[in-house]
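Here's the structure, in structure tokens; my notes come after.
The values are calculated or read from the model by the stated rules, or taken from the named source; none is laboratory data. As the structure is a prediction and not an experimental result, all values here were calculated from the model. Using ideal geometry, Cβ is built from the backbone for each residue, glycine included, and neighbour counts are taken over all protein chains shown.
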């Protein structure tokens, strides 16, 4: 399921912002991007994500800013010493005046900008506040995904209604009546008998009965009705049902394929093909379900 959420807050001059994006996925794939100095938040952030999400590709980003007033400037003595030595060697070789302090400070790497060092107690309070804010963002994301899920549930219910009508039509199809099957088999047997008189009528009768049994789609229809009931029960559940619905969609498709392969009448085949179309449409929507 897709969703987006953002939450921000501040503490002791530190300003931060969480940004969470989720898109469809078969499993739960979490990617967490944290700024330097906040690496210890990776695991607890993932735990919060797993608390609210069960499925989807999730991107979590945290940005933090101490503010200009809290930043500390420091001279990188190692880099400065290397630059001075290099400048002195070049001046001895080429001549010229010694380097000016303004020019040295403007060189990359000479001045470091660092955040103030915090003690453990202050860092723990900071992390607790940031994680609390992360949970707020995930709650907002969950609300958005639930709203989308409610819409998808309506769409899936309509697909199930259509599937049920088609399965009912297959069950009540006149081509499945005993009289229709008997007439169809009698016609086929008569055609064979006209072709050759060497057929064993008893054996031919047994084969006809076997073919009629194999062409019966009663079991497939019963299983389709059972799958419809199971899918509707899942849609009413308040628990994540995406993977189970995905599995049921595969079972729907398997039964529809068998119905089409067994169908001995064009009208029943047409019902089976339309059934496959609706099932495919449902499977596409199921991929979006938590």
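Taken over region 240-282, the criterion of being at pLDDT below 90 and more than 17 Å from residue 223 (Cβ to Cβ) is satisfied by 240, 241, 242, 243, 246, 264, 265, 266, 267, 269. Assigned by TED's automatic domain parsing to the domain that holds residue 252, surrounded by fewer than 16 Cβ atoms within 10 Å (Cβ to Cβ) and either touching a helix residue (DSSP H, G or I) at 6+ places or on another chain (Cβ under 7 Å) or within 30 Å of residue 250 (Cβ to Cβ) (or both), is that true of residue 158? Yes: the conditions hold for residue 158.
Just to be sure, is residue 136 modelled with pLDDT of 80 or more, exposed (fewer than 12 other Cβ atoms within 10 Å of the Cβ) and under 30 Å from residue 38 (Cβ atoms)? So residue 136 fails the test.
Would a scan of region 102-114 turn up a residue that is over 30 Å from residue 39 (Cβ atoms), part of a helix (DSSP H, G or I) and either at pLDDT 85 or above or touching a strand residue (DSSP E or B) at 6+ places or on another chain (Cβ under 8 Å) (or both)? There is at least one residue in region 102-114 that is over 30 Å from residue 39 (Cβ atoms), part of a helix (DSSP H, G or I) and either at pLDDT 85 or above or touching a strand residue (DSSP E or B) at 6+ places or on another chain (Cβ under 8 Å) (or both). Being surrounded by 13 or more Cβ atoms within 10 Å (Cβ to Cβ), at pLDDT below 95 and touching a helix residue (DSSP H, G or I) at 6+ places or on another chain (Cβ under 9 Å), is that true of even one residue in region 66-80? So far as region 66-80 goes, yes, one or more of its residues are surrounded by 13 or more Cβ atoms within 10 Å (Cβ to Cβ), at pLDDT below 95 and touching a helix residue (DSSP H, G or I) at 6+ places or on another chain (Cβ under 9 Å).
The set of residues in region 139-158 being modelled with pLDDT of 90 or more and closer than 18 Å to residue 25 by Cβ consists of 141 alone.
Residue 37 meets all of the listed conditions (1) within 27 Å of residue 284 (Cβ to Cβ); (2) not in a strand (DSSP E or B) but one, namely (1). For region 117-146, the tally of residues that are more than 16 Å from residue 42 (Cβ to Cβ) and in contact with a strand residue (DSSP E or B) (Cβ under 6 Å, 6 or more places away or on another chain) stands at 6. Please verify whether region 53-63 includes one or more residues that are more than 26 Å from the chain's Cα centre (by Cα), surrounded by 14 or more Cβ atoms within 10 Å (Cβ to Cβ) and not in a strand (DSSP E or B). Among the residues of region 53-63, not one is more than 26 Å from the chain's Cα centre (by Cα), surrounded by 14 or more Cβ atoms within 10 Å (Cβ to Cβ) and not in a strand (DSSP E or B), which makes the answer no.
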